[in-house]
Amino acid sequence: MEKSLELKLLDILSSNSRLTPEELSVMLGVDENEIRQTVDRLEKEKVICGYNTLIDWDKVHDDDVTAMVELRVTPQGGEGYDKLAEKISSFPQVDTLYLMSGAYDFLVTVRGRSIKEVSLFVSGKLAQIDEVQSTTTHFTLSKYKELGVLFKSKKTDERMLVSL
Amino acid sequence: MRNFLSEKVLNIKPSGIRRFFDLASTTEGVISLGVGEPDFDTPWHIREAGITALQQGKTFYTSNSGLPELKKAICSYTLRHTGVEYNPDNEVFVTVGGSEAIDLALRAVINPGDEIIYTDPSYVSYLPCIELADGVPVPIKLKNENRFKLTPDELENAITEKTKALILAFPNNPTGAIMTRDDLEALLPIILKHDLLVITDEIYSALTYGREKHTSISSLENMKERTIVINGFSKAFAMTGWRLGYAMGPKEIISQMIKIHQFAIMCAPTTSQYAAIEALNNGDKDVENMRDEYDRRRRYLYNELKEMGLSCFEPEGAFYMFPDIRQFGMTSEEFATKLLNEQKLAVVPGDAFGGSGEGFIRISYAYSVSELKEAVRRLNLFIASLK
């Protein structure tokens, strides 16, 4: 599939992963099989890494806590950040992990069922890693937008219902 | 006290859609496919340009014909997209939406009794504006079988010695039809033979799908000197509320249109003009993206309508579909009202756009795919219940 079409395909899928190959083939004007083959290839190449569902957990249970933790580290044994990142990523409580420029090195998003649980994870597991020099934990108070989707202020259609 | 109202105004038929609109807005849980404007917000950089203009205190009148920088940008944009070169000093001016430009064009050219031809079904404003200017509206009933294009025969048969001008509106509201270069060239001999003026409403020109780019009749041979091109920012740049459009044409006609504009309006909104400069200079990518998104929805919706068994020619412009509902044995209004009451889905009955629209409904796809999906689901249930 040509590059620009592939980009359009990825663009559509990134905001709506539930579109079927049939729907995608109609929308892009491309044969359904070509869509399937391209998606398969992109999955194998790890261009498409997953198809998660975006859930507002605050509406599901009262005790959902998210924290962003800044880690300052000194990587050991000439292994650089990658090995350390692998170690940190392996924890299921770690939702996202980024290597950052600026005043700290890693930004970790941690999810748990209470402030205590998250704090214990940070002090008991993350801070205990040899390479980790210091941690600074920020707790999320309100989620407004995630992955391009508005959580709180639902965008209402302000247009006149019928206009000619 | 006597009746102060003008006879002419009282005789103008009110928009047929009012009743239906009232019904739709008072029904609970309605999904409407009846809008005539984009669902996108004006791209951020364009809004910012408007905000900056306000912050800088640019709140005074501009020259009647519009900011010089804007007129230059319009001409440059037009050259880029239609290949026609207009002089920013005297062949273009900025209006309050394409709507004002249409009105001024008609007021500038009509002598009482002049016949003005337009295609039916059409955008609702042409007929009343022709009447308000003391012209005689002559609708040409277009056919579904011709994909709602205007054919040379249809045009020839509508012309009399009183015919002054032809209003062309492609890509079309409500049908979504386009006229290709070949389609337009076929009309040329007739237009030239009868020495007609063409007023071309190209407000949807940026939303043309399919292989060919939009062709403006002004770019064809011998046409520039007898064409008034009307365009604007509402649909392409999602700037409907900003109220900004423009007209281009021979300087003798444009100068007279500016004359009326100057007395009636003074100038188009200043903030909108500054935002428009930004739109023309840096907005091409945004238009491309929006157009691509509309195209996806168009294909999706057209496919769904086909699967439902609703007969509809494939529209190649604007963001409307005009399916044929004659097979169900109801009038457009009956169909639309029943659909609204039973499935809480609002579409616009085709006869709101003229006699030839009877038997059709207008569906707009200025909505996200997920909203269209839900609408399609409801429409499907409705159609199934009728069979």
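The values are calculated or read from the model by the stated rules, or taken from the named source; none is laboratory data. Keep in mind the model is a prediction, meaning the values are calculated, not measured. Backbone-built Cβ (ideal geometry, glycine too); neighbour counts: all protein chains shown.
Points worth noting:
- Contact map, the range B:258-283: residues that are of a type in the set (D, E, K, R) paired with residues that are in a helix (DSSP H, G or I), Cβ distance under 7 Å, separation 6+ or inter-chain. Pairs shown: B:Glu278/B:His45; B:Glu278/B:Ile46; B:Glu278/B:Ala49.
- Test: B:Ile228 is in contact (Cβ under 8 Å) with a residue 60 or more places away in the chain, touching a Gly at 6+ places or on another chain (Cβ under 6 Å), buried (at least 23 other Cβ atoms within 10 Å of the Cβ) and at negative phi: yes
- Qualifying residue in the range B:82-102 (condition: of a type in the set (A, V, I, L, M), crowded, with 21+ Cβ neighbours inside 10 Å and in a helix (DSSP H, G or I)): yes
- Selection count, the range B:139-158, where residues are surrounded by fewer than 18 Cβ atoms within 10 Å (Cβ to Cβ), in a loop (DSSP other than H, G, I, E, B) and in contact with a strand residue (DSSP E or B) (Cβ under 7 Å, 6 or more places away or on another chain): 0
- For the residues B:Arg362, B:Arg378, the requirement of being farther than 26 Å from B:Tyr123 by Cβ and in contact with a strand residue (DSSP E or B) (Cβ under 6 Å, 6 or more places away or on another chain) singles out B:Arg378.
- Selection from the range A:15-58 of residues that are assigned to a helix (DSSP H, G or I) and touching a residue at least 60 places away in the same chain (Cβ under 8 Å): A:Ser15, A:Asp58
- Verdict on B:Ala206 being small (Gly, Ala, Ser) and outside any strand (DSSP E or B): yes
- Identity of the residue in the range A:59-81, among the charged types (D, E, K, R) and surrounded by 11 or more Cβ atoms within 10 Å (Cβ to Cβ), that ends up farthest from A:Arg113 (Cα to Cα): A:Glu79
- Selection from the range A:106-116 of residues that are surrounded by 12 or more Cβ atoms within 10 Å (Cβ to Cβ), at pLDDT below 95 and either within 20 Å of A:Glu131 (Cα to Cα) or not aliphatic (A, V, I, L, M) (or both): A:Arg111, A:Gly112, A:Arg113
- Selection within the range A:122-135 - in contact with a strand residue (DSSP E or B) (Cβ under 6 Å, 6 or more places away or on another chain) and farther than 18 Å from A:Tyr81 by Cβ: A:Val122
Let's see how each residue does on (1) of a type outside the set (S, T, N, Q); (2) under 26 Å from B:Lys143 (Cβ atoms); (3) part of a helix (DSSP H, G or I):
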{"position": "B:Gln273", "(1), (2), (3)": "no, no, yes"}
{"position": "B:Ala276", "(1), (2), (3)": "yes, no, yes"}
{"position": "B:Leu280", "(1), (2), (3)": "yes, no, yes"}
{"position": "B:Lys285", "(1), (2), (3)": "yes, no, yes"}
{"position": "B:Leu305", "(1), (2), (3)": "yes, yes, yes"}
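- Residues (more than 14 Å from every other protein chain (Cβ to nearest Cβ) and in a strand (DSSP E or B)) located in the range A:113-164: A:Val132, A:Gln133, A:Ser134, A:Thr135, A:Thr136, A:Thr137, A:His138, A:Phe139, A:Lys145, A:Glu146
- For the range A:17-53, filtering for residues that are under 21 Å from the mean Cα position of the chain (by Cα) and surrounded by 14 or more Cβ atoms within 10 Å (Cβ to Cβ) leaves 4.
- Every residue from the range B:348-358 that is under 16 Å from B:Phe20 (Cα atoms) and either assigned to a helix (DSSP H, G or I) or more than 9 Å from chain A (Cβ to nearest Cβ) (or both): B:Pro349, B:Gly350, B:Asp351, B:Ala352, B:Phe353, B:Gly354, B:Gly357, B:Glu358
- Condition met for B:Asp183 (more than 25 Å from B:Glu37 (Cα to Cα), without any contact (Cβ under 8 Å) to a residue 40 or more places away in the chain, more than 22 Å from the chain's Cα centre (by Cα) and surrounded by fewer than 24 Cβ atoms within 10 Å (Cβ to Cβ)): no
- The set of residues in the range B:282-291 being surrounded by 15 or more Cβ atoms within 10 Å (Cβ to Cβ) and under 17 Å from B:Ser368 (Cα atoms) consists of B:Asp286, B:Val287, B:Met290, B:Arg291.
- Among the residues listed as B:Val347, B:Val287, the single one being of a type outside the set (D, E, K, R) and in contact with a strand residue (DSSP E or B) (Cβ under 8 Å, 6 or more places away or on another chain): B:Val347
- Per-region count, the range B:2-44, residues of a type in the set (S, T, N, Q) and away from chain A (no Cβ under 12 Å): 4
- Some residue of the range B:303-317 being within 14 Å of chain A (Cβ to nearest Cβ) and among the hydroxyl-bearing types (Ser, Thr, Tyr): no
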